[in-house]
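Everything on this sheet refers to the single structure shown next.
The values are calculated or read from the model by the stated rules, or taken from the named source; none is laboratory data. Keep in mind the model is a prediction, meaning the values are calculated, not measured. Counting neighbours? That spans all protein chains shown, and the Cβs are built from the backbone with ideal geometry, glycine included. The area values use the complete protein model at the heavy-atom level, side chains included, leaving out ligands, DNA and RNA. Shrake-Rupley method; radii C 1.70, N 1.55, O 1.52, S 1.80 Å.
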Amino acid sequence: SLSNRLRFLREVVEAVSAVVTPGRMGVRFSPLFGTTTEERVYLGLLEDNPAETYTQAVRVLADAGIAYVSLAEADWDNAPEMPDTFRASVRDIFGGRILCAGRYDLHKAQHVLAHGWADMIGFGRRFIANPDLPARLEHGWPLNPLDPATMYGGNAHGYTDYPFHNQ
């Protein structure tokens, strides 16, 4: 039940907080807001009411006084979008830092930041392919395409050999 899952979350947060203090602690959620046929997704689990589940979980974290919440959004092609209403609810509930990540581009990041729904945006894979990503975003320079075949391959190819933009 939601009550039991929140109890588990609360107990884990209390136990970790006793060791590291809540002000040095963060929790990451990966909420899904729609069905998907993607086989690798969360073992096919989708909450009956994800907005209720995750807003109640964020309340637990806010009450515990943790430092940040990280929202890892679905990042594959045709992934379900996280609703802005959910982002706004999280901000209303949680006074600490909020980090959002998952297939962000400049436009989406600006939208979320402008509304105050997040304090930080993680770009992940875009940084792998663009070692100068902040400058590219600032100047509107084109992005290098990511080669998924080289991701997490265990060597430098695909990690340190992407070119910087030629100015």
The correct count of residues that are open to solvent by less than 60 Å² (accessible area, probe 1.4 Å) and either closer than 24 Å to H139 by Cβ or modelled with pLDDT of 85 or more (or both) in segment 153-167 is 2
Is one or more of the residues making up segment 104-116 within 10 Å of the chain's Cα centre (by Cα) and not hydrophobic (A, V, I, L, M, F, W, C)?
-> yes
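The rows are residues; the columns are (1) among the polar types (S, T, N, Q); (2) in contact with a Phe, Trp or Tyr (Cβ under 8 Å, 6 or more places away or on another chain).
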residue	(1), (2)
A129	no, yes
D132	no, yes
A135	no, yes
G140	no, no
T150	yes, yes
N155	yes, no
P163	no, no
Checked against (1) in contact with a Cys (Cβ under 7 Å, 6 or more places away or on another chain); (2) among the small types (G, A, S); (3) at positive phi, G124 satisfies every condition except (1)
Residue hits (segment 94-121; of a type in the set (K, R), touching a strand residue (DSSP E or B) at 6+ places or on another chain (Cβ under 9 Å) and either open to solvent by less than 10 Å² (accessible area, probe 1.4 Å) or in contact (Cβ under 8 Å) with a residue 24 or more places away in the chain (or both)) are R97
- Task: Report whether or not G124 is under 16 Å from R28 (Cα atoms) and open to solvent by 30 Å² or more (accessible area, probe 1.4 Å).
- Result: yes
Counting only residues that are open to solvent by 30 Å² or more (accessible area, probe 1.4 Å) and touching a residue at least 40 places away in the same chain (Cβ under 8 Å), segment 83-93 contains a total of 1
Checked segment 128-139 for anything open to solvent by less than 40 Å² (accessible area, probe 1.4 Å) and assigned to a loop (DSSP other than H, G, I, E, B); matches are N130, D132
Exactly one of L71, L43, L61 is closer than 23 Å to E11 by Cα and either of a type in the set (S, T, Y) or modelled with pLDDT under 95 (or both), and that one is L71
If we keep only residues of segment 79-127 that are among the acidic types (D, E) and part of a loop (DSSP other than H, G, I, E, B), then the residue modelled with the highest pLDDT is D119
